[in-house]
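Only one structure is covered here, and it is reproduced in the block below.
The values are calculated or read from the model by the stated rules, or taken from the named source; none is laboratory data. This is a predicted model, so every value here is computed, not measured. Using ideal geometry, Cβ is built from the backbone for each residue, glycine included, and neighbour counts are taken over all protein chains shown. When the accessible area is computed, the model is the full protein with side chains, heavy atoms only, and any ligands, DNA or RNA have been set aside. Shrake-Rupley method; radii C 1.70, N 1.55, O 1.52, S 1.80 Å.
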Amino acid sequence: ISFEVDGVHPHDIGTLLNQEGVAVRTGHHCAQPVMQRFKVPATTRASFAFYNSVQDIDALIAGIRNVQKVFT
C-alpha cells in the first residue's frame, strides 16, 4: 500500500518509522512515469504478507500518528 501524509515528505516518514522499528519503503517504487503524471515526488509504501501480525499493523498506524504529531 503506497501512501502519503499531507505536508510530510516520504523520506521523513520513512526515517521516523524506521526509528520506531517499522520497516517501509520510500521513493518512486519503479513507477516514475506514473509519479510524474500525477505530480507525486515520492510515496511511502508498506508491504503486507502472510507473516505480518495485527501487532505489525498497529505499530504502523501508531508510527503514522506519531509522524503526524511531529510534523503538525
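Observations
- Sites listed here are trypsin sites (Lys or Arg not before Pro) in the chain whose DSSP assignment is loop and whose Cβ has at most 16 other Cβ atoms within 10 Å: K39.
- Low-density loop positions, chymotrypsin sites (Phe, Trp or Tyr not before Pro), the chain - DSSP coil, at most 13 other Cβ in 10 Å: F38, F48, F50, Y51
- Portion, in percent, of the accessible area of the range 1-62 that falls on carbon or sulfur, probe 1.4 Å: 55 percent
- Cα-based radius of gyration of the range 1-65 once divided by 2.2 N^0.38 Å, which approximates compact folds: 1.14
- Degrees, to the nearest 10: 54-71 long Cα axis against longest axis of the chain: 60 degrees
- Separation between Cα centres of the range 25-72 and the range 1-19, rounded to whole Å: 6 Å
- Å² per residue, accessible surface of the chain at 1.4 Å: 72 Å²
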